[in-house]
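A short write-up of the structure that comes next.
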Amino acid sequence: MRVLITGAAGFLGSHLSDRFLADGHSVIGLDNFITGNPENIAHLAGNPRVEFVRHNISTYTYVAGPLDGVLHFASPASPVDYLEHPIATLKVGALGTHNALGLALAKKARFFLASTSEVYGDPLEHPQTESYWGNVNPIGPRGVYDEAKRFAEAMTMAYHRYHGMDTRIVRIFNTYGPRMRPNDGRVVSNFIVQALSNQPLTIYGDGSQTRSFCYVADEVEGIYRLFMRGDNNPTNIGNPNEFTVRQLAELVIELTRTGATIVERELPVDDPKVRQPDIRRAREMLGWEPAVSLREGVTRTIEYFRSVLAR
Ligand SMILES: NC(=O)c1ccc[n+]([C@@H]2O[C@H](COP(=O)([O-])OP(=O)(O)OC[C@H]3O[C@@H](n4cnc5c(N)ncnc54)[C@H](O)[C@@H]3O)[C@@H](O)[C@H]2O)c1
């Protein structure tokens, strides 16, 4: 297969490129580096099955040659990033998705959308099944991301229904691991970087809000299987093991052996109180479930950040 991956220089896009390459496929990576890092794909330089295009997918996009898949992963993804780039976030979810869908249509390629658990907003149903419609504030600060992804899902389903296009939608739940940026503001990277820099770990609120954290290798395997043999309905891919943010902070302190302390800060607006995927669909359809424990995944991520911070 020859696939286009938008957002290929990002955290997930780069791991996903590796996964396709490992199975012998060819990858065209596309990225404008708004939140990506060239180092994430530096190891692919010189690989004859890799091409890279520096381009903004929210503008007119042309790719030469045949394509079997278009995987749209480009988007600022952490709260720090989408609050800094609110309009670019809305554009890449709307115009970027439209351009990526148009390209897939022209090439008769399968289209794959990276959506998010944020489409469920601050959920009133717990755990979240794919049939839940969500509880999103469209005009709050996080609305730029949540609504862009909801629009992207609607557009993907419209192409599926109107053009009969082969499409997939993955709802990704919090994923962590090597190649996250130290300053991306996500909770796992925040805690690890703070602990390794001998700073107190900042918890927003009292830390009783829950999250489910999926290690990147598990997430990417689920995404890859969904692309290869899923169907067009949205599918949750994430780790259903739920932890409070305080438990995560305590684990990071234990595993970094830094004796760091914890400080509480004010809770941001519209911060979801709970988050846990129901992954029955993925289990049944793809035979997939996460295999890496939080302790193991956090240990590997600490090793990564130790090497990054030592540079
Ligand atoms: N990491 C997670 O926990 C998570 C959770 C839910 C959804 N997602 C989704 O997965 C995708 C990847 O997220 P990530 O964590 O790898 O984030 P990331 O910021 O590391 O990667 C996104 C990449 O997209 C690129 N990009 C953004 N706008 C672009 C544009 N207009 N044109 C070209 N490239 C552009 C960025 O430069 C970056 O390399 C995103 O769509 C995100 O919404 C991620």
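Only counting other Cβ atoms within 10 Å, I'd like E118, E284 sorted with the fewest neighbours first.
Lowest to highest Cβ neighbour count: E284, E118.
If neighbour count is taken as other Cβ atoms inside 10 Å, put T59, T97, T156 in order from fewest to most.
T59, T156, T97
What whole-number volume per residue, in cubic angstrom, does the convex hull of the C-alpha atoms of segment 128-190 give?
Normalising the Cα hull of segment 128-190 by residue number yields 136 Å³.
I'd like to know which of M1, G185, T89 lies farthest towards the positive end of the charge dipole of the chain, counting +1 on Cβ of Lys and Arg and -1 on Cβ of Asp and Glu.
Result: M1, furthest along the dipole toward the positive end.
If one takes the longest principal axis of the Cα atoms in the chain, at what angle in degrees, from 0 to 90 and to the nearest 10, does the Cα axis of helix 143-163 lie?
30
Rg (Å, one decimal) plus Dmax (Å, integer) for the alpha carbons of segment 1-54?
9.7, 29
Please report the spacing between the Cα centers of segment 163-180 and segment 3-67 in Å, no decimals.
Segment 163-180 and segment 3-67 have Cα centres spaced 15 Å from each other.
If you average 1/r over all unlike Cα pairs in the chain and invert the result, what Kirkwood radius do you get in angstrom?
Result for the chain stands at 19.6 Å.
Could you tell me what percent of the DSSP beta bridges with both partners in the chain are antiparallel, to the nearest 5?
The answer is about 10 percent antiparallel.
Once you sort the root eigenvalues of the Cα gyration tensor of segment 1-112 as a ≥ b ≥ c, which label holds: rounded (a/c under 1.5), prolate (a/b larger than b/c) or oblate (the other case)?
It comes out oblate by the Cα gyration axes.
What value, in deg cm²/dmol to 500, does the helix sum -39500 (n - 2.57) over DSSP H runs of n ≥ 4 give at 222 nm once divided by the residues of the chain?
The helix contribution divided over the chain gives -11500 deg cm²/dmol.
What does the highest-first list of 24-30, 98-104, 125-131 look like by mean Cβ count within 10 Å?
Final packing ranking: 98-104, 24-30, 125-131.
Going by how many other Cβ atoms sit within 10 Å of their own, how do R295, R168 line up, fewest first?
The order, fewest Cβ neighbours first, is R295, R168.
Could you tell me which of rounded, prolate or oblate describes segment 233-311, using a ≥ b ≥ c as the square roots of the eigenvalues of the alpha-carbon gyration tensor, with rounded for a/c under 1.5 and, failing that, prolate when a/b is larger than b/c and oblate otherwise?
Taking the square roots of the gyration eigenvalues as a ≥ b ≥ c, segment 233-311 is oblate.
So which aspartates and glutamates can K273 reach, going by Cα to Cα under 20 Å and dropping same-chain residues fewer than 8 places off?
E118, D122, E125, E130, D146, E147, D206, E242, E250, E264
Bear in mind these aren't lab numbers, they're just calculated from the coordinates by the rules spelled out. As the structure is a computational prediction, the values presented were derived from the model and not from experiment. Using ideal geometry, Cβ is built from the backbone for each residue, glycine included, and neighbour counts are taken over all protein chains shown.
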